[in-house]
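First comes the structure, then the notes that go with it.
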Amino acid sequence: MKKIYVKEEWCLGCHLCEFECAYANSGIGNIVLALKDKEIDPNVKVLSDGKITFAVSCRHCDEPLCISACISGALSKDETGAVMVDKSKCVGCGSCVMVCPYGAVRITKEGTANKCQLCMNNSCGEPLCVKKCPNGAIVYEEK
Amino acid sequence: MKKYVLIGGSIATKGAIEGILSVDKSADITVICGEKRPLYSRPLISYALEKKTTDEKMFFHGEDYYEKKGVKAVYGVAEKVDPEEKVVIAEGKEYPYDELLVATGSKPFVPPIKGLESVTKKHTFYTMDDMLALRADLEKGGKVLIVGAGLIGMKCAEGVKEYTDDIVIADMAPRPLPAATTPEAGAIVQERLSSIIDFRLNAALDHFDGNKAVFGSGEEIEFDILVLALGVRPQVGLLKEIGAEVNRGIIVNEKMQTNLPHIYAAGDVVESYEAVGESKRLLQLFPSAYLGGKTAGKNMAGEECVFLTDIPMNATNLFGVRITSAGLFVGEKTEVTVGEDYRALYAEGGVIKGFILIGDSTRAGILTDFIRKKRPIGESDTKELLAGRDLSVYPADERRAALGGKYEI
C-alpha cells in the first residue's frame, strides 16, 4: 500500500506539515479561518533528537498493535491497509496510546482516539503534509 | 481443506480466525460459542451500562463478523473434546477438527459467602448477559453494593453511577485497584474518587442477611442490588479432563500449544509466557488474548510463530481519572509529579520493568515498547523518559529505518 515515509535528512524542522495537517482535518476551506488564533492538534508532529528533526505520524503498520488492543472496534484497517479511526465507536480507554510504539495515536480533547488517516477521511484525498512539505522530507509512496 | 474448530467466541477466537486466514485462505473454520452471541467486546459492558456506547456497538466488528470471515458459528456449549478421534462434542453433535483452539475464557469467581442465597438481586459483571440483567435491576432503582474494588468492580461502578448515586464499593484490600496499581497510585485514585464513590476498604465481608451485608468489623450495609466483582477463574475443565497440563490456567508454550497434539489454547484460560517476569502466568488481558489467539491461529495453519513479547498492561479511564500501566512494578522506582499527573517508572538492570501513569498518557506506547523489547535505557534519564518520551529516545538508525519504511518497530 501507499504510505507516508520520512526522509529525515531533508527535514528543515519548519513544522509546516503540522499546520497543513491541522488545516486538512479542520473541515474548513480557508487556511486562515481554519488556523488563525487556534491551538492546533495535528496528526503529524515534528520531533527532534537534539541534532536532527523528523516528522512522525502513524506508520500504518502491517500488524498494528493499536488495533490488537482496541476494545471498541474504533480502529480498523480499510481495504487498502490504512489504519482508520471511527470516532463514533471510540470509548476513549487509551489502550491504543498504551501500545503504539511510535507514539502516533493520541486521545484528543473530545476524549476519543485520533491519528493520521492519510487524508482519506477528509477532502484532500492525498496527504497534505506530503504535498506541502517544502523540502520533500515527507513522501507518499508504494514500497 | 483443513478443519479448524475454535471453542469460545471472544477475543482470542477473533485473533485465531485472523491468524488462520492470514495463512490459510481456504480454511474451514467452526466457532463454538457457549455464550450464544455473535462476537462482541466484553470490556465494553461497563461503557454500555454507562451509555457511553450502545448495545449494538458492543458487537464491535459487526454482528455479522463470523459471516464476513466465512466462519461457521455454532451457538452452544462444548461438552467434550475427544483427542483420539479429534472431535469436539457440543449440544450432542460432533465437530471434527484437524487443529483445535480452546479459548473458553474465565468465569466470575463467587466464593461461598454465608447467606448469599438470601440476597434477592445479585449479579456478577463479566458478560453482556450480566450487564443486561444488572441494567434491568438498576432501571427499577435502589441502592447498590459492589464487593470488589478491582478493575471490574470500579468500571461497573462507573456504569452504575448513571442510574444511582447510592453506591458503596467494599474491598478487603486497603485501596482500590489493588492488583492493577501500586500502593501510591492506588491511594491517588482513591483520593480523587472519594467524593464520587463511597469506599469501604480493609472491609472483610462476613455474611449476608437478606439485603444486608455484615462485615468483620460489625458494620452493616443495606442494599437493594448486589454486584460481586471478586475476580475471575479460568474455565479449564474441558482440557483438564483429557490430561492437559493445567495449573491455574491451561499451560501453553510460546506457540500457544498445549501439551496435547493439535490442541492450542489462548485468552483468559491460559498461563502463557510473560516477558518481564520471564515466566508463565495468567494475563487475562484483551491484547494478550488477541495476540495469543493470532499466534495460535498462524501456528495452527502451519506458519511457525512465537509470542514472546506479552506483558501485563492496562489502560482505563475511571470517572475522568486516566490510569495507564504496563509491565511489573519491580526494581528501582522513579516518580515524577507534573501538575495533577502522577508518573512512576520501575527499572532494574538497565531496562524498564514497568510504569504507571495517572493522568496524561501521551506516547505511553514508547515506554511499553521499552519494556516489551527489553530496550536498554542507556543514557536516557528516567525522569526525562517519564516526562517527554517520544520517538527520539530510540536509537537513531532504528528510528530512521522505521520512518523510512524499511522496518517496523
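The values are calculated or read from the model by the stated rules, or taken from the named source; none is laboratory data. Bear in mind the structure is a predicted one, so any value in this text is a computation, not a measurement. Backbone-built Cβ (ideal geometry, glycine too); neighbour counts: all protein chains shown. Accessible surface is based on the protein model in full, side chains and every heavy atom, while ligands, DNA and RNA are left aside. Shrake-Rupley method; radii C 1.70, N 1.55, O 1.52, S 1.80 Å.
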Seminar exercise, completed: Among strands (runs of 3 or more DSSP E) entirely inside region A:33-129, those with 1 or more residues being within 13 Å of A:Cys21 (Cα to Cα) and basic (Lys, Arg) are A:45-48
Problem set entry | Matching residues, region B:335-350, being away from every other protein chain (no Cβ under 14 Å) and surrounded by 17 or more Cβ atoms within 10 Å (Cβ to Cβ) | B:Tyr342, B:Ala344, B:Leu345, B:Tyr346, B:Ala347
Problem set entry | Verdict on A:Asp86 being acidic (Asp, Glu), assigned by TED's automatic domain parsing to the domain that holds A:Leu128 and open to solvent by 20 Å² or more (accessible area, probe 1.4 Å) | no
Seminar exercise, completed: Matching residues in region B:390-409 (surrounded by 15 or more Cβ atoms within 10 Å (Cβ to Cβ), of a type outside the set (A, V, I, L, M, F, W, C) and more than 7 Å from chain A (Cβ to nearest Cβ)) number 2
Exercise. Across region A:89-117, which residue is nearest to B:Ile356 (Cα to Cα) among those that are more than 7 Å from chain B (Cβ to nearest Cβ) and either more than 16 Å from the chain's Cα centre (by Cα) or open to solvent by 40 Å² or more (accessible area, probe 1.4 Å) (or both)?
Worked result: A:Ile107
Exercise. So is A:Glu142 touching a Lys or Arg at 6+ places or on another chain (Cβ under 8 Å), open to solvent by 10 Å² or more (accessible area, probe 1.4 Å), assigned by TED's automatic domain parsing to the domain that holds A:Leu16 and modelled with pLDDT under 95 or not?
Worked result: yes
Problem set entry | Boolean, B:Arg343 is of a type outside the set (Asp, Glu), in contact with a Ser or Thr (Cβ under 7 Å, 6 or more places away or on another chain) and outside any loop (DSSP other than H, G, I, E, B) | no
For this session: Return only the number of the condition from (1) away from chain B (no Cβ under 11 Å); (2) modelled with pLDDT under 95; (3) at negative phi that A:Gly27 does not satisfy.
Result: (3)
For this session: Please determine, by comparing only the residues of region B:23-59 that are within 30 Å of A:Gly94 (Cβ to Cβ) and among the small types (Gly, Ala, Ser), which one is nearest to the other protein chains (Cβ to nearest Cβ).
Result: B:Ser41
Exercise. Restricting the first residue to region B:357-375 and requiring it to be facing chain A (nearest Cβ under 7 Å), which pairs with a second residue that is of a type in the set (Lys, Arg) and open to solvent by 30 Å² or more (accessible area, probe 1.4 Å) meet a Cβ separation below 7 Å and a spacing of at least six or different chains?
Worked result: B:Ser361/B:Arg322; B:Thr362/A:Arg106
Exercise. If you check A:Lys51 against the conditions, is it open to solvent by 40 Å² or more (accessible area, probe 1.4 Å), within 12 Å of chain B (Cβ to nearest Cβ) and without any contact (Cβ under 8 Å) to a residue 12 or more places away in the chain?
Worked result: yes
For this session: Return the total of residues in region A:118-137 being open to solvent by 10 Å² or more (accessible area, probe 1.4 Å) and either modelled with pLDDT of 95 or more or facing chain B (nearest Cβ under 9 Å) (or both).
Result: 10
Problem set entry | Residue among B:Glu67, B:Glu99, B:Glu50, B:Glu117 that is within 26 Å of the chain's Cα centre (by Cα), at pLDDT 95 or above, open to solvent by 10 Å² or more (accessible area, probe 1.4 Å) and closer than 30 Å to B:Asp209 by Cα | B:Glu50
Exercise. Which residues, taken from region A:1-45, are among the aliphatic types (A, V, I, L, M) and crowded, with 19+ Cβ neighbours inside 10 Å?
Worked result: A:Ile4, A:Val6, A:Ala22, A:Ala24, A:Val44
For this session: Please specify each residue of region A:67-80 satisfying the condition of being more than 7 Å from every other protein chain (Cβ to nearest Cβ) and open to solvent by 10 Å² or more (accessible area, probe 1.4 Å).
Result: A:Ile67, A:Cys70, A:Ser76, A:Lys77, A:Asp78, A:Glu79, A:Thr80
